[in-house]
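The structure is given below, and queries will be raised subsequently.
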There are 2 protein chains.
Amino acid sequence: MRRTSTRLADGREIIYFDASDTAPDRRVADPRDLGPVSTASEIRYDAALDEWVAIASHRQGRTHLPPTDECPLCPSRGDHRTEVPAENYDVVVFENRFPSFAAARDVLPEDSVPGGEHGASPADLFARRPGIGRCEVVCFTSDHDSPISRLPPERVRLVVEAWVDRTCELSRLPHVEQVFCFENRGEEIGVTLGHPHGQIYAYPFVTPRTRRMLDAARRHRERTWRNLFADLLAAELADGSRIVNSSEHWVAFVPAAARWPVEVHIYPRRQVPDLPALDEAERDDFARIYRAVLRAMDNLYDLPLPYISAWHQAPVRIDRDLAYLHLEVFSVKRAANKLKFLAGSESGMGVFINDVTPEQAAASLRAAAEST
Amino acid sequence: MRRTSTRLADGREIIYFDASDTAPDRRVADPRDLGPVSTASEIRYDAALDEWVAIASHRQGRTHLPPTDECPLCPSRGDHRTEVPAENYDVVVFENRFPSFAAARDVLPEDSVPGGEHGASPADLFARRPGIGRCEVVCFTSDHDSPISRLPPERVRLVVEAWVDRTCELSRLPHVEQVFCFENRGEEIGVTLGHPHGQIYAYPFVTPRTRRMLDAARRHRERTWRNLFADLLAAELADGSRIVNSSEHWVAFVPAAARWPVEVHIYPRRQVPDLPALDEAERDDFARIYRAVLRAMDNLYDLPLPYISAWHQAPVRIDRDLAYLHLEVFSVKRAANKLKFLAGSESGMGVFINDVTPEQAAASLRAAAEST
């Protein structure tokens, strides 16, 4: 594998991950005339829920993105200049031009200091801080029409290497507390770019959902001396009714209390805190199970399923021993022509009402699996 | 006010709230031939997040609802038989035919006991219980085309009386721990019935979002001896920049850490745990501020705004002194033609990214207010 880091016209970093060490040189200049990246991100503390919320008002004016023949994630060819200056690539990562979180130099007025003016007092009910962190785009392939589920296993493995690299790098940035690798797919969840890609958010706090999971894991360990997620995985394996797929190193199942009509969690059999902690065999083996799960999902209703695919990694600094790396993939589609909406119960009270039993969902996904 | 309780053809309760004691008798028989209500609701404990999730598989087959001239929430007239047998009504409440939660007699096999077979052991990672509770529909008016914001204040006051009545009644049901009055409006959040109506869920647990708020309020009280929500209201009033509207007894503001592009919280100036605790003057005064806030929202983009309107009431039994009744109204519309989607960051990690600053949102809502 070869890694090449360079810069876009406006100073953003772009990193090429090539499977072959003899791939063409990717250090191609970006000839576009781009204005400077401007970000006005801040995070605000919601005292009523004890959670941080990001306010990113510069994003409201972000461009809605162009038709396929002007895809900004395809490589640059001829007069078609995109976000990727090179003529081709395997996997490429670059900083988002409309980031929710950005480097301190981009979000901080020159004379301000994080935690200084705002939020210094714990009694301050309206604590505010600059939205320090980083947001990146990960293109899985230069082929506009190949979803990750249809890429060869070696390419998925290269995507894993990119995630590992970014997790390590972003974890070293000042103020970054958690690195989140994810993919949003489908217009039904607001995705406007068809090109196969994911995103990475480096947050300046431990996210609310992760914190709740780690709090539950802490209570479980105090009670049992065991890891909550390892116990859940063992219980799912023992029960068996919700297992969707498994391989030497990975297990995919619908959780017993699934919130979404389609929801699959993929755990490594060995407890590790994050992607960099996976060994070579686990990284190789991931492509097999992930492609199989995504293909079964697409077969469910015989259409490309809109989904969110979310890597749960340990925070950078705290509770790493309580965490258990896993991937949660879920969809808002509850039938070929019906969406699950988050209405009053879900959005107002946090109570999910799932119309599909997890056992039915697992059986449907097993039936939709492709023979390999 | 006159209250009339009777039954629909399948045994569900229907309750008419009439402003006048001399309204026509509402005890009209329901001539429809309805099969029995069948529910297969259960709640499952998600150990990874320490939350209950409802699984309501009978709802997957629920009817998608008919065109306007067959509206099931209009009164029954001539051959058009609806969910409301009477020829007219002011406000009417009835049990949902496809409930997420239902009475023990409807969800329990005859020989099972809540908490018996399932979930007896706290170590059980897959605890399950029957989905005991109740789900009701609240029709605000018999006029199909009058949203609650356009009803006369006396009618909104009657809706408040219905909410109060239902909160009292439902709080007395076995296993009910929290009563949630809400309205979903707009196709953008999945509402298929245009008739102005809300819903009430009586949950068999304290909801996750309420529990988080009460936990935050408990920590605040331990630290300060004061109520968190009263302090937040006072801080908003002192700051002033996010106040949208106020009246003698109520204050409406955009919270400092708003999650949604349009989000307004409406608090009574006096701390009360729930709707039944409001006094006469507060109940009267609510209509004024609520109608003003909703009308400003409709004026924002010059179209009926899709929204979720969610009453936060104290749980039935616990932490009632920590709670502070308030209404949260929010919308997924971030521009006339753009929706906010809950994608990876929101759904995967619980981190909301709001593209509109709360101060901008409040200024827009103030500018959109109608002179009265």
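The values are calculated or read from the model by the stated rules, or taken from the named source; none is laboratory data. Computed from a predicted model, the values in this text were never measured in an experiment. Quick reminder, even Gly has a Cβ in these numbers, built from the backbone with ideal geometry, and neighbours come from all protein chains shown.
Does A:ARG270 fit the bill of being touching a helix residue (DSSP H, G or I) at 6+ places or on another chain (Cβ under 9 Å), more than 14 Å from every other protein chain (Cβ to nearest Cβ), surrounded by fewer than 19 Cβ atoms within 10 Å (Cβ to Cβ) and under 23 Å from A:ALA235 (Cα atoms)?
So A:ARG270 passes the test.
Sticking with this one: Looking at the stretch B:185-198, which of its residues are of a type in the set (Val, Ile, Thr) and at the interface with chain A (Cβ under 8 Å from one of its Cβ atoms)?
Within the stretch B:185-198, B:ILE189, B:VAL191 qualify.
Looking at (1) under 30 Å from A:LEU339 (Cβ atoms); (2) surrounded by 21 or more Cβ atoms within 10 Å (Cβ to Cβ); (3) more than 10 Å from every other protein chain (Cβ to nearest Cβ), which is the only condition A:ARG150 fails?
For A:ARG150, the exception is condition (2).
Residues checked against (1) within 14 Å of another protein chain (Cβ to nearest Cβ); (2) in contact with a Pro (Cβ under 8 Å, 6 or more places away or on another chain); (3) touching a residue at least 60 places away in the same chain (Cβ under 8 Å):
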residue	(1), (2), (3)
B:SER247	no, no, no
B:PRO261	yes, no, yes
B:VAL264	yes, no, yes
B:PRO276	no, no, yes
B:LEU294	no, yes, yes
B:ASN299	no, no, yes
B:PRO306	yes, no, yes
B:HIS312	yes, no, yes
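Answer with yes or no whether A:LEU237 is outside any strand (DSSP E or B), of a type in the set (A, V, I, L, M, F, W, C) and in contact (Cβ under 8 Å) with a residue 24 or more places away in the chain.
So A:LEU237 does not fit the description; no.
Now a separate question. Using the structure shown, decide if A:VAL137 is surrounded by 20 or more Cβ atoms within 10 Å (Cβ to Cβ), farther than 27 Å from B:VAL332 by Cβ, of a type outside the set (Ser, Thr, Tyr) and at pLDDT 95 or above.
Against the criterion (surrounded by 20 or more Cβ atoms within 10 Å (Cβ to Cβ), farther than 27 Å from B:VAL332 by Cβ, of a type outside the set (Ser, Thr, Tyr) and at pLDDT 95 or above), A:VAL137 does not qualify.
Of the conditions (1) within 30 Å of B:CYS135 (Cα to Cα); (2) in contact (Cβ under 8 Å) with a residue 24 or more places away in the chain; (3) at the interface with another protein chain (Cβ under 7 Å from one of its Cβ atoms), B:ALA257 clears all except one; give me its number.
Here B:ALA257 meets the rest and fails (1).
Can you pull out the residues in the stretch A:199-216 that are within 8 Å of chain B (Cβ to nearest Cβ) and hydrophobic (A, V, I, L, M, F, W, C)?
Hits for the stretch A:199-216 are A:MET213, A:ALA216.
Can you pull out the residues in the stretch A:328-372 that are closer than 28 Å to A:HIS249 by Cβ and either in contact with an Asp or Glu (Cβ under 9 Å, 6 or more places away or on another chain) or within 10 Å of chain B (Cβ to nearest Cβ) (or both)?
A:GLU328, A:VAL329, A:PHE330, A:SER331, A:PRO358, A:GLU359, A:GLN360, A:ALA361, A:ALA368
I would also like to ask the following. Hey, B:VAL160 hits all of (1) closer than 23 Å to B:ASP106 by Cα; (2) crowded, with 19+ Cβ neighbours inside 10 Å but one; which does it fall short on?
So B:VAL160 meets the others, but not (1).
Within the stretch A:186-234, how many residues are part of a loop (DSSP other than H, G, I, E, B) and polar (S, T, N, Q)?
Number of matching residues: 3.
Of A:ASP79, A:ASP50, which residue is modelled with pLDDT under 90 and out of contact with any Gly (no Cβ under 6 Å at 6 or more places or on another chain)?
The conditions single out A:ASP79.
If you don't mind, another one. Residue check: is B:THR210 surrounded by fewer than 18 Cβ atoms within 10 Å (Cβ to Cβ) and over 25 Å from B:SER5 (Cα atoms)?
no
Return yes when B:PHE182 is assigned to a strand (DSSP E or B) and within 8 Å of chain A (Cβ to nearest Cβ) and no when it is not.
yes
Turning to a different aspect of this structure: Count, please, the residues in the stretch A:347-362 that happen to be of a type in the set (A, V, I, L, M, F, W, C) and without any contact (Cβ under 8 Å) to a residue 60 or more places away in the chain.
So the answer is 3.
While we're here: Tell me which residues, restricted to the stretch B:237-257, are crowded, with 23+ Cβ neighbours inside 10 Å and either among the β-branched types (Val, Ile, Thr) or touching a His at 6+ places or on another chain (Cβ under 9 Å) (or both).
B:VAL244, B:ALA252, B:PHE253, B:VAL254, B:PRO255, listed by residue number.
Where the second residue is of a type in the set (A, V, I, L, M, F, W, C) and at pLDDT 95 or above and the first is on the phi > 0 side of the Ramachandran plot and lies in the stretch A:314-341, which pairs have Cβ atoms under 9 Å and are six or more apart or on separate chains?
Pairs found: A:ASP319/A:VAL206; A:ASP319/A:LEU214; A:ASP319/A:ALA217.
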